[in-house]
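Take a look at the structure set out below.
The values are calculated or read from the model by the stated rules, or taken from the named source; none is laboratory data. Note that the structure is predicted; figures quoted are calculated from it, not measured. Backbone-built Cβ (ideal geometry, glycine too); neighbour counts: all protein chains shown.
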Amino acid sequence: MTKALFTTSWDDGHPLDLRLAELLSKHGFGATFYVPVRNPGGHCTPGGLTVMSPAELRALGQAFEIGSHTLEHAFLPELDDAAARRQVAEGKAELEAQLGSAVGGFCYPGGVFTDAHVQMVREAGFRHARTIVNLRGARPADAYRLPTTLQFYPHQRSVYLKNYLKFGDWPGRAPLFLDAIGHAALPARLEAMLDHVCATDGVFHLWGHSWEVDAMGGWPILERFLEYAADRIPSAQRLSNGALVSALAPA
Ligand SMILES: [Zn+2]
C-alpha cells in the first residue's frame, strides 16, 4: 500500500462548500476551506461572491479545518504594507471570532505574494500557508509556501505549459506536467497524476472552488475521482492541510 498523503483545499467560502463537505465526508476525505470574511470581488469575480454565514462556518468547522483567505479576498501585492498586514491579521481575528476557535491556516488570494507577505503571515500566528503552485507531488519543504498538485478545473494544455514555466522547479514538476498535458480529459488527468504520486509515496493536493465545480457540472467527476482515490489512499492518509503540515513536521 502506498505511503502517499492526500489533502484537499477549497477557496473562497461560498455556501456551496457545504455540498462539497458532504461529498468529502461521504468518502472519508479531510479538507481545509480557506474563507475570506467578505468577498467584495476583484479580478476573477468582478461582482463579488457570497460567503457562508457564521453559523454555516461553525457547522463546517465541526468536521473540517477552516483557514483564512484574508479579510476581503485581497491580492496582497496590490496593497501597501499596512493594508496588507491588516488584511492578514484582521482576516484571522474576525474568522476566529466567528468560529470561536483558533485558525492556523492561510491561503494567498490569487496565489500572489512576496517574501514580505510570507513574513506577515508568520507574524500573524499562522502555522501554514497555501499557494497556487501546481504540478507538485513531492512532500512540501516550506509550510508557508505549500504547493498543490492540481486545481479541480478542466484547464487547456496551454494553461499547464504557462503554469509549468512560471512556477519553476522544472525537473521536479516534469512528471506531473507530462501527465497533465498527456491527458486531455480531467478524469484521466487526475487519475494519472494520483497514480504517479502513489507510486512515489508523495503528497497529492487537490484544490478548487465549490462554485466552480458547480458551474462546470463537475460534481459527478469529483465524486468518481474521490472514489478512485479512496481505493488507493488509506483513510489515515487523507488529511486537511493543517494535519498534513503536522504529519510532515520533524518530530
Ligand atoms: Zn480565492
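Conditions: (1) modelled with pLDDT of 95 or more; (2) out of contact with any helix residue (DSSP H, G or I) (no Cβ under 7 Å at 6 or more places or on another chain); (3) of a type in the set (A, V, I, L, M); (4) closer than 25 Å to Cys107 by Cα. Ala249 meets all but one. Number of the miss? Among (1) modelled with pLDDT of 95 or more; (2) out of contact with any helix residue (DSSP H, G or I) (no Cβ under 7 Å at 6 or more places or on another chain); (3) of a type in the set (A, V, I, L, M); (4) closer than 25 Å to Cys107 by Cα, the lone unmet condition for Ala249 is (1).
Checking the stated criteria, Val159 turns out not to satisfy the condition of being closer than 18 Å to Arg139 by Cα, of a type in the set (A, V, I, L, M) and assigned to a helix (DSSP H, G or I).
So that you can scan it fast, the table gives a plain yes or no per residue for (1) more than 23 Å from Ser68 (Cβ to Cβ); (2) not hydrophobic (A, V, I, L, M, F, W, C):
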site: His183; (1), (2): yes, yes
site: Val197; (1), (2): yes, no
site: Trp207; (1), (2): no, no
site: Leu222; (1), (2): yes, no
site: Gly242; (1), (2): no, yes
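Entry remark, region 18-47: residues being outside any strand (DSSP E or B) and more than 12 Å from the ligand (Cβ to nearest atom) number 19 in total. If you go through region 3-17 and keep only what is under 15 Å from Leu150 (Cβ atoms) and within 16 Å of the ligand (Cβ to nearest atom), you end up with Thr8, Ser9, Trp10, Asp11.
Pairs are defined by a Cβ separation below 7 Å, a sequence spacing of at least 6 or placement on different chains, a first member in region 55-79 that is farther than 18 Å from Gly125 by Cβ and of a type in the set (A, V, I, L, M, F, W, C), and a second member that is away from the ligand (no atom under 14 Å from the Cβ) and in a helix (DSSP H, G or I); the pairs so defined are Leu57/Gln98; Leu57/Leu99; Leu60/Leu18; Leu60/Ala21; Ala63/Ala21; Ala63/Ser25; Phe64/Ala21.
All of Pro175, Pro220 fail the test of being without any contact (Cβ under 8 Å) to a residue 40 or more places away in the chain, under 18 Å from Gly28 (Cα atoms), surrounded by fewer than 22 Cβ atoms within 10 Å (Cβ to Cβ) and of a type outside the set (D, E, K, R), apart from Pro220.
A residue that is among the β-branched types (Val, Ile, Thr) and touching a Pro at 6+ places or on another chain (Cβ under 7 Å) occurs somewhere in region 218-241.
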